[in-house]
Amino acid sequence: MTTQNYDLVIVGSGVAGSIVAYQLGSQGKKVLILEAGQEVPADRSDYMETFFKANAKTPESPYPPTTQDPSASTQDNPLGLPDPAKENTPRYTVLQIGAWRNPRQCYFDYTAQEPNLSPDSPHAKFAFASSYERIGGGTTWHWLGTCLRLFPHDFELKTRYGQGVDWPGGAKFYDALVPYYEQATQHIGVSGDKQAMDKIYSEFGVSSNGQYGSEYDYPMPGIDPSQVDNSFNVPPVTSLTVDDIAVSITPTPQGRNSLPGKRRQCAGNTNCIPICPIQAKYDATVTLAQALQTGNVDIRYRCVASNIRLDDTTHEVSGIDFITYDTQSGIQTGSGTAVGKKYYLAAHAIETPKLLLMSNKNKGFPKGVANSSDQVGRNLMDHIMYLAWGLAKDPVFPYRGPLSTSGVESLRDGKFRSTRSAYRIEIGNEGWQWAANDPFTTLADFVFGQDASQTNGSTINAQNQPLKFDSNLPDNAQLFGAQLVSTLNGIYTRQVRLGYLIEQLPDPDNRVELSESLTDHLGLPRPKITYRVRSDYERNGFVSARKVSTEIFQAMGAREYTTTPPAPVFSGDPSKETATNFEYQGHRFTFYGAGHIVGTYRMGDKKENSVVNVRQQSWDHTNLYMGGSGLFPTVATGNPTLTIAALAFKTATHILEDFS
Amino acid sequence: MSSNNDMDNFIALSAVLTGFNANILRPFLDPVDIKSEYLQVFFTRIAEESGDPKLATNILAKFAQLNGQTNPKLNDQQIGEEMLAPANGANFVLACRKLIFMWYSGAWPTIIPASATAPETTVSEIISAKSYTCGLVWQVMQSHPMGDSNFRYGYWAKAPIPLSDYTGN
Ligand SMILES: Cc1cc2nc3c(=O)[nH]c(=O)nc-3n(C[C@H](O)[C@H](O)[C@H](O)COP(=O)(O)OP(=O)(O)OC[C@H]3O[C@@H](n4cnc5c(N)ncnc54)[C@H](O)[C@@H]3O)c2cc1C
Ligand code: SF4
């Protein structure tokens, strides 16, 4: 199978791929998108149905391929995870974190742990904690919708703070990105509170004279803060300082409609992750539909890019090989080569480097396409998350509204960044859902007399406060009737949760490689991941997050329930090996993934130490461009997608320039 | 097998154990009809798990007897205590507790006994797409199922209506 000649061939229909397709298609260029996953469904009711039925409501739970099958559960596969070797588009899921050492359940291959590591060893390897989708429209199906810009200081981490690397051009990168941030904000339809953000911007070196963009404002007013937000936004909390910076609570700019518009107004389904039932939240299917409506964009679903071909003399890309299938576990149904004048890779930060590395049969590029610098796959980062949770003294009514409506942005930059990671703090509206799998854990506790939530026993927290919710009840109380109602209501309506998105440094040894032994059902190698939380810089970020949460909870009169994880296990039976626990400075931590997969084909100003230039164009192959958070030299402190979108608009401009 | 009578007893017992009014569990207009699904699951699973095909029927019969008692008439609290009394036997009490869990979560629970390293825990299996959204947990927190809200923009900035409006009690 061959394809007709296109101007541009794109791999991946997520937000990056769809924006570039839309921009090029609007300008009359003929575009082909190769999309590995299934088509965007005509309506989302099937996805909703799958979500409702899923026992574990993980981000991936509504989407194909199926993440678990309880009827297939066995002793050594209690969740009934499908075998990635038998799937055509397997992807990593949150449920696989616990099974990370078992390649029959986990898509990723991991290298062995070194022997005899101490519990606080920086050499300890962990499961990667974030996941992504492989379906039409990509991962924004289940993003939260947080739409923050990065700041000029984020782009000069090395120059200012002596950490990591700078982005090419440093702070000038921000100036160049401003018009594209504008465009991205308009396109996604961000709801934001300009006044609140102005204050933050000015604190972080962004002046209002032009640097916001001439017409700078959000397309829609900010989303109303929740009752949970209000419980944090009180003087005892806002008078706290962290490394001399005041804790200020800011409404979060979000890609969800605060007014009816092209999409519906948010109805507060509290389900943005994993799926917004009414599409009040932006996702890339919106852009994909616009791209297809230009009449110049074609998409091929169930079409997995497997190899990039190069011209031996010019080193330009001459085609992208693909494999097709019909059903997730069925046989390969065809193969072919997509040919265009230019190419844009947007398969996200694990699958894009995998594709580049798999393309290792071209003359002169034995380490893979675009990889003369040996940087492809390196510097894998995430916002490593620290979670803290508690019970407010009065009801604050969580589980209402978008999953998060406010956060602390004021701590995203400061002098402290020469010694520890910066972070933003997200305030959760979903009670202890993420922290403790509630409402179900607390329910089971009071129905069956257990104490997994710590509200039904005699546990004392690190501040010496008893955690039993009602001191009149015996330990492990089993309730019914009116008393069950009042106890559950008392607990559920007081639950609060903080999430710290801790900056991770680029570490060349944290990387994506090709598995030597494991493949998917199409015979393509699976990603081999090495992931550490190695630097004191990052670990100091955890120490700060832990201390600050306790101070915040105390200031608001809440009782902290954050649990201390078990001691990490780094040797012995691999199935018992710790996935995401470590020790540091005498404290034990568990980290979580933020879903922000960053850094595996970074941008830079030198061919020797980066994969693409400041135009997101491969140093090695002039007709090859890349998109997505894999481009980011550092993870910085804002959620990545607004920046991904801005960069996609920017790249589209460069590709159009290069056509003319 | 269940009958109309079973359904009446099942609802009345469920009201006592859950603390929600029978009119909430069995609304006058009930297009969703989750109660029928639950009654069926209750009968099947209890028989399977206890190995006693009559246990569910016995539970409803015991309830009917307590509920019908007139001299003295028992209140909900007293009936609940009698139903959950250890003297009824471990399987009987566990079945009643599972009934509570099912109404609240829309899922059927399995208890994993304590081991040398871990305390007793519960895992559960969602019964159907419908049951997840019908879970009383969402009502008892004065909210709505995640992913299925009938509210409008901005409701989250205000306090919810009183708990009694949700429980009917
Ligand atoms: C739970 C969660 C919450 C998040 N919340 C936020 C948030 O609030 N704010 C924020 O900024 N970001 C958030 N993110 C991150 C955000 O979702 C991603 O940054 C973004 O979706 C990435 O877009 P992308 O277009 O680069 O990649 P994707 O959307 O992942 O798209 C990649 C596409 O490539 C396709 N593909 C993969 N391999 C191949 C192949 N071999 N051939 C052909 N096609 C292929 C895939 O099927 C997919 O469609 C969140 C992520 C998660 C997991
Ligand atoms: S709160 Fe609900 S309606 Fe609003 S964006 Fe999230 S899921 Fe959609």
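What the table below lists for this structure:
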read-out: Per residue Cα convex hull volume in Å³ - calculated over region B:42-108; value: 82
read-out: Rounded tilt (10° steps) of A:284-293 against the dominant C-alpha axis of chain A; value: 30
read-out: Among B:38, B:153, B:132, residue whose mean-square fluctuation peaks in a GNM of chain B (springs only between Cα atoms under 10 Å); value: B:153
read-out: Residue-span extension gain [residue A:419 to residue A:483] - 0.36 nm each, minus C-alpha spacing; value: 18.0 nm
read-out: Rg and Dmax [Cα atoms of region A:495-628; Å; Rg one decimal, Dmax integer]; value: 19.7, 59
read-out: For region A:462-536, convex hull of alpha carbons as volume per residue, Å³; value: 262
read-out: Label-reachable residues, region A:265-291, where backbone N falls under 16 Å from a point 7 Å from residue B:152's Cα toward its Cβ; value: A:265-269
read-out: Whole-angstrom gap from region A:541-555 to region A:1-75, using each part's C-alpha centre; value: 39
read-out: Counting DSSP beta bridges with both ends in chain A, the antiparallel % (nearest 5); value: 70
read-out: Extended-chain gain in nm, criterion 0.36 nm per residue less alpha-carbon gap, residue A:360 and residue A:615; value: 89.4 nm
read-out: Reachable aspartates and glutamates from residue A:576, criterion Cα separation under 17 angstrom, eight or more residues apart if same chain; value: A:76, A:109, A:114
read-out: Shielding score for A:493-505, defined as the mean number of other chain Cβ atoms within 10 Å; value: 1
read-out: Kirkwood Rh (inverse of mean 1/r, distinct Cα pairs), region A:349-469, angstrom; value: 19.1
read-out: Tilt relative to chain A, helix A:171-188 - C-alpha long axis, 0 to 90 degrees, to 10; value: 80
read-out: Within 10 Å of each Cβ in A:441-453, the average number of Cβ atoms from other chains; value: 5
read-out: Burial order of peptide ranges A:62-73, A:471-482, A:138-149, B:91-102 (average beta-carbon count within 10 Å, highest first); value: A:138-149, B:91-102, A:62-73, A:471-482
read-out: If the convex hull is drawn through the Cα atoms of chain A, its volume per residue in Å³; value: 151
read-out: Sorted by Cβ density within 10 Å, fewest first, the residues B:108, B:156; value: B:108, B:156
read-out: Extended-chain gain in nm, criterion 0.36 nm per residue less alpha-carbon gap, residue A:234 and residue A:437; value: 70.3 nm
read-out: Rg over Rh [alpha-carbon atoms, Kirkwood Rh] for region B:4-167; value: 0.99
read-out: Virtual spin-label span in nm between residue A:463 and residue A:74, 7 Å along Cα→Cβ; value: 4.8
read-out: Size-normalised alpha-carbon gyration radius of region A:423-547, reference 2.2 N^0.38 Å; value: 1.53
read-out: Hits among lysines - C-alpha to C-alpha of residue B:73 under 25 Å, sequence gap 8 or more where chains match; value: B:62
read-out: R0 of 60 Å, Cβ-Cβ distance residue B:65-residue A:585: FRET efficiency to nearest 0.05; value: 0.45
read-out: Sequence of A:453, A:410 once ranked by neighbouring C-beta atoms within 10 Å, starting from the fewest; value: A:410, A:453
read-out: Ratio Rg/Rh, restricted to region A:182-333 and using Cα atoms, in which Rh is the Kirkwood radius; value: 1.12
read-out: Pairwise centroid distance, computed over Cα atoms, of region A:76-135 with region A:270-344, Å; value: 26
read-out: R0 of 30 Å, Cβ-Cβ distance residue A:45-residue B:24: FRET efficiency to nearest 0.05; value: 0.70
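No value in this document is a laboratory result; all are computed from the given coordinates. Because the structure is predicted, anything quoted here is derived from the model rather than measured. Here Cβ is always computed from backbone atoms with ideal geometry, including for glycine, and neighbour counts include all displayed protein chains.
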